[in-house]
């Protein structure tokens, strides 16, 4: 039996374990990336390890999240990143250079390489034939120090594409169709590989849109083969020497195959408040809209924006609609400026945003109260836009642009195919890396502003834990629910301050209640439903609850990155052995867990007494993760083994 692309790359990088689905493996990481919302903490943790310089092929620090410098906090963090990066061998991409995933694809991505990033949309790199995985910042810090990244050897799901996209149907519609089939649940421990004749019809930017939003499926990553189209993209980026062909063997084996006929695909839309709440655009056409936002790391390539510009050229945005457009990188921004596309969008009435994450993370462009916003983002979680009552829908750039002109949701298939503006891939991109600052050969003082604290230190796990169920929540609790983004991200380097806002939009009294319990010597526990911790890789969703005294999170199921982050900061992620027990556990009940050391290392079920009744839980963790929990977290575990 032959190998698929996923296993070919994993085998090239395997340092521990065997390629057996479900078993734990350790892989060598070639490249890392961070962004400023997660990077400051990751680099503080790297410094705490005492390693003098990164040991990767390349590590890049991007500033793309908190670029609005309305106070000193963001500027201070950016200065810390630049000075720290210079000393430790890390490239620094300045604010304004673009979104990490777009820039990394353009300037650093390499087929066949492994990439670990402290952002959940790192799988964008799969569009160029990489195994690119999102993780918590502490995992990335360990990888920068030369340590392997541990994960469950994946099952590989084959999405086989046939046919060709019709005019007005785009790559965004492909991934929305995949989400309608696989949903956001039940895909942990899986990687997706795209194959079939339809793959040859998709450019690298289109492939990257699909792998980027594959993060919403809950899979570890998604990957396309590296073929002649990949080579052409790298040639246009003046990086053809980085290309290598990586194709699945003719007899490659997959755990499951899903077929999508691109000839039959229609424009799709994700309704509020989940990326898998999918409908055909035709079913909702005519819906009045208030805002359109085009950009984010999903759909902000040159191809995307050149297409939008051609659609709006010579026309005007509807007077009831605010249209915001954010190029994904400075390269894209300069190219649309030089070829006139930018002028066409400005003339149509678009508001041009900085090349940053911006409205996607709720940093500006919050919709009006109850507003309907069409976005090319990858997520539409409730409140993520900055307006809790907003109704956010996810669509392709083509659907977004047509709808901005009409003031209502337009089905692109109602527009003549002859009017579709086909955009060819550029033969060459503008290359200017002057805003990527290479590391220094000498050391200099590292700037630390008053908002930058110490990395959070944890203590080894005690054999008994007593406390209170501080919060009970339902299904699909995202890391945005746990730790609000947007304006609150300015406190990402100040854990005591940021912890004041844990679950702010779910229960504004949570942090106060948890701290009061901690002061009384009572640990906290949280009870959740299915898919607890989906969304962003933001490890603060584990760090800040840990600071408040939370030591256990119980749920029906966890998403991969957040479960790993909980372990990394000494919090037990426990799965209900019987889901019906969820109804029997109430917020405010006392709990008691004893004999934890033997139960955790014995790998059996863990019993916890809650409200006078015994409940059983499963700790779905590897032997290594159990040892990390015993040490109180990954930083303690790593430092003890370095000694």
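The values are calculated or read from the model by the stated rules, or taken from the named source; none is laboratory data. On a predicted model such as this, the values are computed, not experimentally measured, just so you know. Virtual Cβ from ideal backbone geometry, glycine too; neighbours counted across all protein chains shown.
Some values worked out for this structure:
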quantity: Sole residue being more than 18 Å from residue 184 (Cβ to Cβ) and under 18 Å from the mean Cα position of the chain (by Cα), chosen from 539, 559; calculated: 539
quantity: Any pair with Cβ under 7 angstrom, 6 or more apart, that starts in region 168-183 at a residue that is free of Cβ contacts under 8 Å to residues at least 24 places away in the same chain and ends at one that is buried (at least 23 other Cβ atoms within 10 Å of the Cβ) and not in a loop (DSSP other than H, G, I, E, B); calculated: none
quantity: Number of the condition not met by residue 467 [criteria: (1) over 29 Å from the mean Cα position of the chain (by Cα); (2) modelled with pLDDT under 95; (3) within 30 Å of residue 541 (Cβ to Cβ)]; calculated: (2)
quantity: Output for region 606-620, where each listed residue is surrounded by 13 or more Cβ atoms within 10 Å (Cβ to Cβ) and within 15 Å of residue 576 (Cα to Cα); calculated: 606, 607, 608, 609, 610, 615, 616, 617, 618, 619, 620
quantity: Residue within region 36-54 that is over 21 Å from residue 638 (Cα atoms), assigned to a loop (DSSP other than H, G, I, E, B) and more than 21 Å from the chain's Cα centre (by Cα) present; calculated: no
quantity: Matching entry among 289, 269, 294 (being under 25 Å from the mean Cα position of the chain (by Cα) and assigned by TED's automatic domain parsing to the domain that holds residue 323); calculated: 294
quantity: Condition check for residue 416: free of Cβ contacts under 8 Å to residues at least 12 places away in the same chain and within 24 Å of residue 315 (Cβ to Cβ); calculated: yes
quantity: Residue list for region 409-427, restricted to those being surrounded by 17 or more Cβ atoms within 10 Å (Cβ to Cβ) and farther than 15 Å from residue 165 by Cα; calculated: 409, 410, 411
quantity: Strands (runs of 3 or more DSSP E) enclosed by region 538-603 - at least 3 residues per element that are touching a helix residue (DSSP H, G or I) at 6+ places or on another chain (Cβ under 9 Å); calculated: 550-555, 572-576
quantity: Matching residues in region 108-121 - criterion: being in contact with a helix residue (DSSP H, G or I) (Cβ under 7 Å, 6 or more places away or on another chain) and closer than 23 Å to residue 241 by Cα; calculated: 109, 110, 111, 112, 114, 115, 116
quantity: So residue 180, is it crowded, with 21+ Cβ neighbours inside 10 Å and either in contact with a strand residue (DSSP E or B) (Cβ under 9 Å, 6 or more places away or on another chain) or within 30 Å of residue 401 (Cβ to Cβ) (or both); calculated: no
quantity: Selection count where residues are in contact (Cβ under 8 Å) with a residue 60 or more places away in the chain and within 14 Å of residue 471 (Cα to Cα), scope region 530-545; calculated: 1
quantity: Hits in region 228-263 (condition: within 18 Å of residue 162 (Cα to Cα), surrounded by 18 or more Cβ atoms within 10 Å (Cβ to Cβ) and under 26 Å from the mean Cα position of the chain (by Cα)); calculated: 229, 254, 260
quantity: Residue match in region 87-100 (condition: within 19 Å of the chain's Cα centre (by Cα) and part of a helix (DSSP H, G or I)); calculated: yes
quantity: Residues that are in a loop (DSSP other than H, G, I, E, B) and out of contact with any helix residue (DSSP H, G or I) (no Cβ under 6 Å at 6 or more places or on another chain), drawn from region 290-299; calculated: 290, 295
quantity: The listed residue being over 23 Å from residue 637 (Cα atoms), assigned by TED's automatic domain parsing to the domain that holds residue 147, at pLDDT below 95 and surrounded by fewer than 22 Cβ atoms within 10 Å (Cβ to Cβ), out of 83, 70; calculated: 70
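Let's see how each residue does on (1) within 19 Å of residue 123 (Cα to Cα); (2) not in a loop (DSSP other than H, G, I, E, B):
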residue: 222; (1), (2): yes, yes
residue: 233; (1), (2): yes, yes
residue: 238; (1), (2): no, no
residue: 241; (1), (2): no, yes
residue: 250; (1), (2): no, no
residue: 254; (1), (2): no, no
